[in-house]
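Below: one structure, written as structure tokens.
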Amino acid sequence: MPSLPLTAGTSTAVLETGGGVLDALPDGAILADAHGTVSHANEMARRLLRRDDLVGRPLAEAVALQDLDGRDWYTCTAPYSGPGIRTMQVEQAWLLSDGTELLVTTRMHRPGPHQPVEQVAVSLRSARARSRLDRERSDLVATVAHELRSPLTGVKGFTGTLLARWDKFNDEQKRLIMQSVHADTDRLTRLIAELLEVARIDTGRLSLHPRPIDPVPAVEQVTSSVRAGTGREIRFEPTGDFPQVLADPDRFAQVLTNLVDNAVRHGEGLVFVSAEPVTADGADFVRITVEDEGEGIAPGIRNRVFTKFWKHGSREGSGLGMYIAHGLVIAHGGRITIGDAAGGGASIEVLWPVFALLD
């Protein structure tokens, strides 16, 4: 089999081996010669276009797609008769006769500007993944809008009432109203900070400054802070001699705060935090476990706990804390899992990597 000319995204292996490697590609691939006849069509292209007789057919017949206005792909793209300097048609959405949407990218291979096209490469892929992503983005926007609207409604209502009836409120009433406004703005600030953190995790732009830290004092500080802020009983019991862990101190505290806060919100009694050095898969970790005495988390929904805006029951919260905790632990090379606490509640276990000196 002769070598295939270079096209966008075509590896050297594809050029040398032709159809066999084309069949291994995840996207549909069609190659047409200088006369517009299909010379190669991989298995995915045949599956997406729903026909097995692509090779040997004119490219216009093989890629029988239309847009919403009924115009056909070949006429609109004009791969052989278009502008003489064009080599690429960016990805566009086209439809099969039954309405199935495909995403099509076209590459025109020519020796130089204004030279005849020697080969056309067409890449096809299903639009289902893009549609799913669009739905997820729409859901995310709707959820964010809802989360932002709630505290903003409170701020607007309180300030509107205060402005309309300023002379009728005494100083104590004004102070209570301003306290409510302040609480709502604090909630907005926290939510925006969490959304920014989610964006950093999703885009891989998370800023970490890890260094060796002692885990026990760090966990004690977090449990003391949450205990003072909530009035709940939080018990911390470390076990063993602890090595230092490698962590960004602020991120370490953020993870533990999110986990303990979550246990406080979803549990009714004692929140129990334990820590111990362990070895797993040949690596050394410090295992930190946070347990509550709530209803627990059913095994069937545990895979959803670390997703964005996950909420369980009617408790307040943005639903981003566990997602952020998961992202930060993974970014540090650790692990986080969910289990059952001895008292019937939920148990969140974090394995945090130990700091190792280089030999």
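Observations on the structure shown:
- Some residue of region 164-175 being outside any helix (DSSP H, G or I) and exposed (fewer than 12 other Cβ atoms within 10 Å of the Cβ): yes
- Residue pairs meeting the criteria (Cβ under 8 Å; at least 6 apart or on separate chains; first under 17 Å from Thr289 (Cβ atoms), in region 217-228; second surrounded by fewer than 18 Cβ atoms within 10 Å (Cβ to Cβ) and among the small types (Gly, Ala, Ser)): Ala218/Ala253; Val222/Ala253
- Entirely in region 261-359, the strands (runs of 3 or more DSSP E) that have 2 or more residues that are within 22 Å of the chain's Cα centre (by Cα): 335-340, 346-353
- Here Ser318 passes the criteria (1) under 16 Å from Ala253 (Cα atoms); (2) of a type in the set (Ser, Thr, Tyr); (3) touching a helix residue (DSSP H, G or I) at 6+ places or on another chain (Cβ under 8 Å) except the one numbered (1).
- Residue match in region 144-151 (condition: more than 30 Å from Pro79 (Cα to Cα) and touching an Asp or Glu at 6+ places or on another chain (Cβ under 9 Å)): yes
- Residue check for Pro277: over 27 Å from Ala145 (Cα atoms) and surrounded by fewer than 18 Cβ atoms within 10 Å (Cβ to Cβ): yes
- A single entry from Val144, Val198, Val122 fulfils the requirement of being in contact (Cβ under 8 Å) with a residue 40 or more places away in the chain and more than 22 Å from Met322 (Cα to Cα): Val122.
- Close Cβ contacts (under 8 Å, 6 or more residues apart or on different chains) running from residues in region 290-303 that are under 9 Å from Phe272 (Cα atoms) and assigned by TED's automatic domain parsing to the domain that holds Asp261 to residues that are part of a helix (DSSP H, G or I) and at pLDDT below 85 comprise Asp292/His266.
- Residue count, region 68-124 (criterion: farther than 17 Å from Gly28 by Cβ, part of a loop (DSSP other than H, G, I, E, B) and either over 32 Å from the mean Cα position of the chain (by Cα) or at pLDDT 95 or above (or both)): 21
- Applying the set (1) at pLDDT below 90; (2) surrounded by 14 or more Cβ atoms within 10 Å (Cβ to Cβ) to Gly229 leaves exactly one unmet item: (2).
- Looking across Ala193, Ala253, Ala183, one residue alone is surrounded by fewer than 18 Cβ atoms within 10 Å (Cβ to Cβ) and over 20 Å from Tyr323 (Cα atoms). It is Ala183.
- Conditions (1) part of a helix (DSSP H, G or I); (2) touching a helix residue (DSSP H, G or I) at 6+ places or on another chain (Cβ under 9 Å); (3) in the same structural domain as Phe309 (by TED's automatic domain parsing): number failed by Arg232: (1)
The values are calculated or read from the model by the stated rules, or taken from the named source; none is laboratory data. Quick caveat: nothing in here was measured; it's all calculated off a predicted structure. Cβ: placed from backbone, ideal geometry, glycine included. Neighbour counts: every protein chain shown.
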